[in-house]
1. Which of the residues spanning the range 175-206 are of a type in the set (A, V, I, L, M) and more than 23 Å from H233 (Cβ to Cβ)?
2. Restricting attention to the range 171-201, report how many residues are open to solvent by less than 20 Å² (accessible area, probe 1.4 Å) and either out of contact with any Cys (no Cβ under 9 Å at 6 or more places or on another chain) or assigned to a loop (DSSP other than H, G, I, E, B) (or both).
3. Taking the range 2-19 on its own, how many of its residues are open to solvent by less than 10 Å² (accessible area, probe 1.4 Å) and within 16 Å of R61 (Cα to Cα)?
4. Can you tell me which residue is surrounded by the most Cβ atoms within 10 Å (Cβ to Cβ) among those in the range 66-98 that are within 21 Å of A18 (Cα to Cα) and among the aliphatic types (A, V, I, L, M)?
5. For the range 31-54, which positions are open to solvent by 30 Å² or more (accessible area, probe 1.4 Å) and modelled with pLDDT of 95 or more?
6. Quick one: would you say D168 is of a type outside the set (A, V, I, L, M) and modelled with pLDDT of 95 or more?
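The values are calculated or read from the model by the stated rules, or taken from the named source; none is laboratory data. Bear in mind that the values here come from a model prediction, so they are computed numbers and not experimental data. Note that each Cβ is placed from the backbone with ideal geometry, even for glycine, and that neighbours are counted across all protein chains shown. We work out accessible area using only protein heavy atoms, side chains counted, and drop any ligands, DNA or RNA first. Shrake-Rupley method; radii C 1.70, N 1.55, O 1.52, S 1.80 Å.
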Amino acid sequence: MTKLSIVIPMYNESALIADTLAALVPFCSGFSCEWELIFSDDGSVDGCGEPVKKAGARDARIQLVRSEVNQGKGAAVRRGILASTGDTVLFTDCDLAYGIEQMGALLQHHQNGGQAITLGSRVLHAQGYSGYSFARRIMSRVYRVILSLYTGCPPFDSQTGIKCFQGDVARRVFSDCQTDGFAFDLEVILIARALGYTFEEFPVKVLPLPDSAVRKSRVRVWRDAWHMLGDIHKMKKRIKKRGYRDN
């Protein structure tokens, strides 16, 4: 791993950003390689980019890229990935929902495995859905099956918010992505498969928060599911039009 890039999308994360910086800087510094932290601010209005700017003034390896308007998580991740320069690129959410230890384990597995892309998977972890309601678990399972049938992909846990790439693969794939919303994860997988890149999954679980903390999900199940289906239909047409081969 000659250089590591970690991309963090964020939107109104002022309550989290100080702790996230405090966790990620020592984490990156523990690797015997160059590194960069790229925070991609998706039009936040709570000033969460300011601590990143201040940190970047002290350490040029910490960068902020920003959209003036809120576009969606897909757009934020894409912006951060395309700004990266690392030989290995990992993205995860600003709340570090999977924790530093799992990030390190996934990175090590990716480096040892030789795959182009390593996907975090809650499905493969015995406690991957710990804390989820029964209804949420069933909905997640049904969603994976529907996507697999509709797209022809294996039933990857596409929506898990931690993924790792060879750097050139990440920038190649994301340069063709256009989906700004939550369906962007699936677009990444579809384009990467069409380009012939190899995948591996790695078991992860969402860590519980302290009793005093609240993890705010920005997913609205029925509304976002409807939007995602529309996005998936559009992305399939785009991919077919570009003439990607279908594995």
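1. Here is the first cut: in the range 175-206, the ones of a type in the set (A, V, I, L, M) are 183, 186, 188-192, 194-195, 204, 206.
Within the range 175-206, V204, V206 meet the criteria.
2. Qualifying residue count for the region: 8.
3. Going through the range 2-19 one residue at a time, the tally reaches 5.
4. Of the range 66-98, the ones within 21 Å of A18 (Cα to Cα) are 66-67, 73, 76-77, 80, 90-98.
Now drop any that are not among the aliphatic types (A, V, I, L, M), which leaves 76-77, 90, 96-97.
Numbers: A76: 29, V77: 27, L90: 22, L96: 20, A97: 18.
So the residue we want is A76.
5. Quick first cut of the range 31-54, residues open to solvent by 30 Å² or more (accessible area, probe 1.4 Å) only: 31-32, 34, 45-47, 50-51, 53-54.
If the condition is that a residue be open to solvent by 30 Å² or more (accessible area, probe 1.4 Å) and modelled with pLDDT of 95 or more, then E34, V45, D46, G47, E50, P51, K53, K54 are the ones that fit.
6. Numbers: of a type outside the set (A, V, I, L, M): yes; modelled with pLDDT of 95 or more: yes.
Considered against the rule, which asks whether it is of a type outside the set (A, V, I, L, M) and modelled with pLDDT of 95 or more, D168 comes out as yes.
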